[in-house]
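The structure appears below as structure tokens.
What follows draws every value from the coordinates through simple rules; no lab data is involved. In this text, all values refer to a predicted model and were calculated from it rather than measured experimentally. Because the Cβ atoms are built from the backbone with ideal geometry, glycine has one as well, and the counts that use them run over all protein chains shown.
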Amino acid sequence: MTLTRRVIVCLDVTGDRVVKGVRFANLEDVGDPVVLAARYEAEGADEIVFLDVSASIERRNTLLDCVRRTAEALFIPLTVGGGVRSVGDAAAALRAGADKIGVNSAAVARPALLTEMSRQFGAQCVVASIDAKRRASGWEVYVRGGSTPTGLDALAWARECSERGAGEILLTSIDRDGTRSGYDLELTDTIARAVSVPVIASGGAGSGADVRDALLRTAADAALVAGIVHDGSVTVNMIKMELQNANIATRAAA
């Protein structure tokens, strides 16, 4: 059986609004998360990722009311991340309508959180979000919205996340984020081949062809897009057609 590859749309949210920037900076307002989530589902998105991008920096919890309203507009899976620091925080996000929980900064600070969440909710519910920046040798993990280096090697950390119970890894290239220059294929393939759980490629999509390349030329299971669909230069439907033309198995476009 051929597994379908997924196209996932990311909503970076701050102050109840979706924003988009370049390399995690210079954020601009692009719309209402509820309206955008519903639009992308109608276009054929397989999943939505809701990231409260300022929660870790502002040291606060996720905006659960906004999560709840977004979840109510969707029938496809919703991953929620940003500001999740405990099993209790994860439970609150699930009660608000999330299907999966993404953790980044809190997992780096206390890796046992991944194991606790996996035991409580199941590995399929736990997404380890890894923001990585290229260095002289390999890639380094960054936290707090891509602002703080950790000294952790991204490859080693991805393996540890998988071993500790994460059922999926959302891997973002900070170097490529918002640049529309294409995904970091080397980073994506290196991590995807090193772990036994699905990896989502993120950071750098500038066209449907970039998404196609990420799924043809790496072992990633899914690709995440944001800015190119927010501004309408590409639609999810167009991306799906690009994948189907390349004989990449995917859920039918809307």
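Karplus-based coupling profile of the range 93-100, in residue order and whole Hz: 5, 5, 5, 7, x, 5, 9, 9, with θ = phi - 60° in 6.51 cos²θ - 1.76 cosθ + 1.60 and x standing for Gly or Pro. Of D153, D177, D65, which is the most mobile in a GNM of the chain whose springs link Cα atoms less than 10 angstrom apart? Result: D65 has the largest fluctuation of those listed. Under 5 Å between amide hydrogens, built in the peptide plane, is the criterion, and for V13 it picks out V19, L51, D52, V53 among residues at least 5 positions away or on other chains.
GNM on the chain, alpha-carbon springs under 10 angstrom: the most fluctuating residue among A37, A214, A109 is A109. Dividing the summed -39500 (n - 2.57) terms of all DSSP H runs of n ≥ 4 by the residue count of the chain sets its mean residue ellipticity at 222 nm at -9500 deg cm²/dmol.
The range 61-102 and the range 182-214 have their alpha-carbon centroids 25 Å apart.
Straight-line cross-link reach from K133 at under 13 Å between alpha-carbon atoms covers these aspartates and glutamates, not counting any fewer than eight positions away in the same chain: D153, D175, D177, D184, E186. For the pair A109 and E163 in one chain, pulling the backbone fully straight at 0.36 nm per residue adds 17.8 nm over the alpha carbon distance. All C-alpha to C-alpha distances of the chain, sorted into 5 Å bins beginning at zero, yield P(r) values of 1, 7, 15, 19, 22, 18, 12, 4, 1, 0 percent in whole numbers. Among residues other than W157 with Cβ under 12 Å from its Cβ, the summed charge is -3 (Lys and Arg +1, Asp and Glu -1).
Annotation: amide H-H contacts under 5 Å for R5 (H modelled 1.01 Å from N, sequence separation of 5 or more, or interchain): A249, T250, R251.
For the range 83-92, backbone phi angles converted through the Karplus equation (6.51, -1.76, 1.60; θ = phi - 60°) give residue-by-residue couplings of x, 8, 10, 8, 4, x, 4, 5, 4, 5 Hz, Gly and Pro being listed as x. Label positions at V35 and A194, each projected 7 Å from the Cα along the C-beta direction, are separated by 4.2 nm.
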